[in-house]
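Trainee: Take this structure, written in structure tokens, and hold onto it; I'll ask about it next.
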Amino acid sequence: MNRIIILISGYLFIHSITFAQTPTHHNDRNWQLKWKDDFNSLNTDMWFVKNNFDHNGKPSVYLAQNAYINNDTLVLRSKKEPIPYCCPPGYLNEWGCKKQWKTDTCYQYTGAWIETQPTYNTQYGYLK
């Protein structure tokens, strides 16, 4: 069974929401399966997991440790940190921890960000 769960506590910044269609019959010739993931592991050949990245200076930072697989389910965790999280020096720039780089302020909230690797980008077809 393919499942994605997003655990939310505290603050969550939603950048975008994507809706997908599932064909009513998998043998429908108008639909073609492009790729699938059963989430028995976090396949980094398929998924790019962002680490120490705050999406253009936002108040939360995305950490790889907040994206994981649990019982064949992809979990993207968002949480308020008990102690503010400070990015390592190598990530402080306009492409990584921009808010901390610009303001010298660490992050109260952490989350998870994953993207499909370029070879899995699909315009038409269905994903399973």
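Trainee: State whether one or more residues within the stretch 113-120 are surrounded by 14 or more Cβ atoms within 10 Å (Cβ to Cβ) and more than 30 Å from R29 (Cα to Cα).
Mentor: Checked against the condition, which is being surrounded by 14 or more Cβ atoms within 10 Å (Cβ to Cβ) and more than 30 Å from R29 (Cα to Cα), the stretch 113-120 yields at least one hit.
Trainee: Related question: Please go through the stretch 46-105 and give me each residue that is of a type in the set (S, T, Y), touching a helix residue (DSSP H, G or I) at 6+ places or on another chain (Cβ under 8 Å) and over 24 Å from Q117 (Cβ atoms), ordered by number.
Mentor: T105
Trainee: Pairs under 7 Å by beta carbon, first residue within 12 Å of V49 (Cβ to Cβ) in the stretch 66-90, partner among the charged types (D, E, K, R), six or more apart or different chains?
Mentor: Sorted first by the residue in the stretch 66-90, then by its partner, the pairs are N66/R77.
Trainee: Based on this model, can you work out whether L76 counts as under 21 Å from T122 (Cβ atoms) and aliphatic (A, V, I, L, M)?
Mentor: Yes, satisfied.
Trainee: Considering only residues that are in a strand (DSSP E or B) and either β-branched (V, I, T) or free of Cβ contacts under 8 Å to residues at least 40 places away in the same chain (or both), look in the stretch 91-118 and name the one that is farthest from K36 (Cα to Cα).
Mentor: T110
Trainee: Can you tell me which residues in the stretch 71-90 are of a type outside the set (D, E, K, R) and touching a strand residue (DSSP E or B) at 6+ places or on another chain (Cβ under 8 Å)?
Mentor: T73, L74, V75, L76, S78, P84, Y85, C86, C87
Trainee: Could you list all residues from the stretch 89-112 that are within 20 Å of the chain's Cα centre (by Cα), at pLDDT 95 or above and either loosely packed, with under 14 Cβ neighbours inside 10 Å or of a type in the set (V, I, T) (or both)?
Mentor: T110
The values are calculated or read from the model by the stated rules, or taken from the named source; none is laboratory data. What you are looking at is a predicted structure, and each value in this text was computed from that prediction instead of being measured. Cβ sites come from the backbone with ideal geometry, for glycine too, and all protein chains shown count toward neighbours.
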